[in-house]
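Colleague: Attaching a single structure in structure tokens format; questions to follow.
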Amino acid sequence: MGKTASFTCTACGAVHSKWSGRCDACGEWNTIVEEAPLSAGPASKSLGSKRGNAIALSDLSTAEAPPPRTMSGMAELDRVLGGGLVPGSAVLVGGDPGIGKSTLLLQAAARFAQAGLKTVYVSGEEASAQVRMRAQRLGLGDAPVKLATATALRDIITTLDRDTPQLVIIDSIQTMWADNVDSAPGSVAQVRAAAHELVTFAKRKGCSVVLVGHVTKEGQIAGPRVVEHMVDSVLYFEGERGHQFRILRAVKNRFGPADEIGVFEMTGSGLAEVPNPSALFLSGRGDPSPGSVVFAGIEGTRPVLVEMQALVAPTPHSQPRRAVVGWDGARLAMVLAVLEARCAVPFAGLDVYLNVAGGIRISEPAADLAVAAALLSAREDTALPAECVLFGEISLSGALRPVSQTENRLKEAAKLGFSSAIIPAGGKTGGTGGLSLQRMGDLTSFVGEIFGAG
């Protein structure tokens, strides 16, 4: 018997056994469409049949050297990729509309082509004249990059099979359509089929493929999550429109560290690399003011110093407001609860606002101590010394827990001119970089020594 058809939500990719007007997974209406079943194929050629060719692990050669990476010359991009582009790899790049994905990849295509890779840039969203106009504005008019404007996947694969390039950039995967899939371009079935064909082509030919993916209003790459599992690396291009810098962040990388970041600055002539992001994030910091502290964080393998800003004000409402930008709101609620329960510092009747200056987003728990210091500084209207940095994790008991890579954080702070640091007791420091260290065992002692209370 043949397989029965399935019904898939085009918004979230959830699979349903029958059609309904509303998706139970995401709550969207009129997004469930029918998908034709895949053919089971003849038994003699299906997976697991007796005629299948199995390879014993002991027969795999270990003498082969790993394939050489190709460096683009853009240090920030090579850092995020894990040290360069691996032959036969598939990379998915996502980001908000207008953030600069096409600009970044056009510059990267030109750099890789100049490094010796045979590069093809396939645009499904713009005409060739528009891409050339951008290339000329970026000063890349003479770059040895082949340009194609097409959306038919069969034509693209046929052309690439004939030309055998070493790097292919697809902008974007949502505009590609396969004629063997009976659904509209951009649907879940089309995105999945197009991504599968392109990734298979990359592995078969040893050609690197970079796919551009649109994002949803929640910030996730649109389409089924299976696309992120197919590729080798998933990169997000982030940034605030009110700031000039952009962050390329790796959230998955089979060939390098995940959570690595590369920092770029948007200029009139394209994206420029920022080799020292800490100096950029602290460039707008003025004289010491209440509620402002400097946090020494780690993004991937790179130490980054950012300014944490807090504002505490009386509320005219019965329910105080808690607003957070650039940090986890649930973690802010936890820090406030620990301050009140363990240190007897109440925040009832007070609005609390927390902001990570510069628009960068911090996710590591090492920022707990810096957030607590910013909140206390704003509440007591007392400024901390301008040359001091803080980091440390706060437990629910009020104890301060040491964090990883303490030495790298301190060296980065010393390099930028800071002279002192407040850190948890018990952490391994190694070299301090010349900073004077003040160790704290718990949050209560920190409140008492720094703010004279508790």
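The values are calculated or read from the model by the stated rules, or taken from the named source; none is laboratory data. Remember, it's a predicted structure, so these values are computed and weren't measured experimentally. Cβ: placed from backbone, ideal geometry, glycine included. Neighbour counts: every protein chain shown. Quick note on the areas: whole protein, heavy atoms, side chains included, nothing else; ligands and nucleic acids left out. Shrake-Rupley method; radii C 1.70, N 1.55, O 1.52, S 1.80 Å.
Colleague: Can you tell me the orientation of helix 329-343 relative to the chain, as the angle in degrees between its alpha-carbon axis and the longest Cα principal axis, to the nearest 10?
Modeller: Computed tilt is about 20 degrees.
Colleague: Might you report the magnitude of the Cβ-based charge dipole of segment 75-275 about its Cα centre, with Lys and Arg at +1 and Asp and Glu at -1, to the nearest 20 debye? Mind showing how you got there, number by number?
Modeller: On the way: 21 positive and 22 negative charges, 62 e Å.
The dipole magnitude comes to about 300 debye.
Colleague: Roughly what % of Cα-Cα distances in segment 280-451 sit above 29 Å, to the whole percent?
Modeller: Working: 1814 of 14706 pairs.
Roughly 12 percent, once rounded to a whole number.
Colleague: Among all cysteines in the chain, which have no other cysteine Cβ under 4.7 Å from their own Cβ?
Modeller: Taking the Cβ cut-off of 4.7 Å, the unpaired cysteines of the chain are 207, 343, 388.
Colleague: When ranked by the protection proxy of mean other Cβ atoms within 10 Å per residue, highest first, what sequence do the peptides 189-200, 246-257 form?
Modeller: Values: 189-200: 21.4, 246-257: 19.2.
My ranking of the peptides, most packed first, is 189-200, 246-257.
Colleague: Same structure, new question: Of 330, 172, 272, whose Cα points farthest to the positive end of the dipole of the chain (charges on the beta-carbon: +1 Lys, Arg; -1 Asp, Glu; origin at the Cα centre)?
Modeller: Toward the positive end, the furthest listed residue is 172.
Colleague: Below 14 angstrom from the Cβ of residue 189, what's the summed charge of the other residues (Lys, Arg +1; Asp, Glu -1)?
Modeller: On the way: positive: 192; negative: 34, 35, 179, 182, 197.
Net of charged neighbours comes to -4.
Colleague: Still on this structure, I have one more. Compute the distance in nm between two label points, each set 7 Å from the Cα along the Cα-to-Cβ direction, one at residue 337 and one at residue 125.
Modeller: That separation, rounded to one decimal, is 4.1 nm.
Colleague: Related question: Could you work out the mean projected area of the convex hull around the alpha carbons of segment 91-248, in square nanometres to one decimal? Walk me through the numbers on the way to the answer.
Modeller: On the way: hull surface 37.2 nm².
Projected over every direction and averaged, the Cα hull of segment 91-248 covers 9.3 nm².
Colleague: Where does segment 73-179 land on Rg(C-alpha)/(2.2 N^0.38 Å)? Spell out each step's value before the answer.
Modeller: Values: Rg = 13.5 Å, N = 107, 2.2 N^0.38 = 13.0 Å.
After normalising by residue count via 2.2 N^0.38 Å, the value is 1.04.
Colleague: Then there is this: Considering only the chain, what is the antiparallel percent among its DSSP beta bridges, to the nearest 5?
Modeller: Details: 42 of 81 bridges.
The antiparallel fraction comes to roughly 50 percent.
Colleague: Any chance you could run the full-extension gain for residue 71 through residue 6? It's 0.36 nm times the residue separation minus the Cα-Cα distance, nm to one decimal. Walk me through the numbers before you get to the answer.
Modeller: Numbers: separation 65, 0.36 × 65 = 23.40 nm, distance 4.39 nm.
In short, 19.0 nm is gained.
Colleague: Could you please report the charge total around residue 210, scoring K, R as +1 and D, E as -1 over all other residues with beta-carbon less than 12 angstrom from its beta-carbon?
Modeller: That works out to -1.
Colleague: Taking Cα Rg over 2.2 N^0.38 Å straight from the coordinates, which label in (i) 1.16; (ii) 1.00; (iii) 0.93 is the correct one?
Modeller: Identified label for the calculated read-out: (i).
Colleague: What is the percent carbon and sulfur in the accessible area of the chain, measuring with a 1.4 Å probe over the protein chains and ignoring ligands? Before the final figure, lay out each step's value.
Modeller: Values: 11250 of 21750 Å².
So the carbon and sulfur contribution to the accessible surface is 52 percent.
Colleague: I would also like to ask the following. Projecting each Cα onto the charge dipole of the chain (Lys/Arg +1, Asp/Glu -1 at the beta carbon, about the Cα centre), which of 183, 426, 389 comes out farthest on the positive side?
Modeller: 183
Colleague: Then there's this: I'd like the orientation of helix 406-415 relative to the chain: the angle between its Cα long axis and the longest Cα principal axis, in ° from 0 to 90, rounded to 10.
Modeller: 80 degrees
Colleague: Starting from the Cα of residue 407, step 7 Å along the direction of its Cβ; do the same at residue 17; then give the gap between the two resulting points in nm.
Modeller: Placing both labels 7 Å beyond Cα along the Cβ direction yields 5.9 nm.
Colleague: Oh, and also: How many lysine pairs are close in the chain, with Cα atoms under 30 Å apart and the two 8 or more places apart or on different chains?
Modeller: The result is 29.
Colleague: Taking 0.36 nm per intervening residue step and subtracting the Cα-Cα distance, what contour gain separates residue 30 from residue 325 on full extension? Show your work: numbers first, answer last.
Modeller: Numbers: separation 295, 0.36 × 295 = 106.20 nm, distance 3.36 nm.
Separation in residues times 0.36 nm, less the Cα-Cα distance, equals 102.8 nm.
Colleague: Taking all protein chains together and a probe of 1.4 Å, list 22, 162 from the most accessible to the least accessible.
Modeller: Putting 22, 162 in descending order of accessible area: 162, 22.
Colleague: Going by Cα centres, segment 73-114 and segment 319-396 are how many Å apart?
Modeller: 36 Å
Colleague: For the chain, what is the accessible area per residue in Å² when the probe is 1.4 Å?
Modeller: Values: 21750 Å² over 454 residues.
With the other protein chains kept in place, the chain gives 48 Å² per residue.
Colleague: If you place +1 on the Cβ of every Lys and Arg, -1 on the Cβ of every Asp and Glu, and leave all else neutral, what size is the dipole of the chain about its Cα centre, to the nearest 20 Debye?
Modeller: Details: 42 positive and 44 negative charges, 219 e Å.
Once rounded to the nearest 20, the dipole reads 1060 debye.
Colleague: What angle, in degrees between 0 and 90 and rounded to the nearest 10, separates the Cα long axis of helix 368-380 from the longest principal axis of the Cα atoms of the chain?
Modeller: Relative to the chain, helix 368-380 is tipped by roughly 40 degrees.
Colleague: Quick check: pseudo-label points 7 Å beyond the Cα along Cα→Cβ at residue 147 and residue 432, how many nm apart are they?
Modeller: 5.8 nm
Colleague: I would also like to ask the following. Please name whichever of 405, 9, 366 sits farthest to the positive end of the charge dipole of the chain, dipole taken about the Cα centre and charges placed at Cβ: Lys and Arg +1, Asp and Glu -1.
Modeller: 9
Colleague: Follow-up. Between residue 203 and residue 416, what is the FRET efficiency for a Förster distance of 35 Å, r being their Cβ-Cβ separation, to the nearest 0.05?
Modeller: Numbers: r = 44 Å, r/R0 = 1.25.
Working from the Cβ atoms, E equals 0.20.
Colleague: Only Lys, Arg, Asp and Glu count, each charged at its Cβ (+1, +1, -1, -1), so figure out the dipole size of segment 280-451 about its Cα centre, rounded to 20 debye. Walk me through the numbers on the way to the answer.
Modeller: On the way: 14 positive and 16 negative charges, 60 e Å.
The dipole of segment 280-451 has a size of about 300 debye.
Colleague: Also, I was wondering about something else. By the scheme Lys and Arg +1, Asp and Glu -1, what is the net charge of all other residues having a beta-carbon under 12 Å from that of residue 16?
Modeller: Details: positive: 18, 22; negative: 24, 34, 35.
Its environment carries a net charge of -1.
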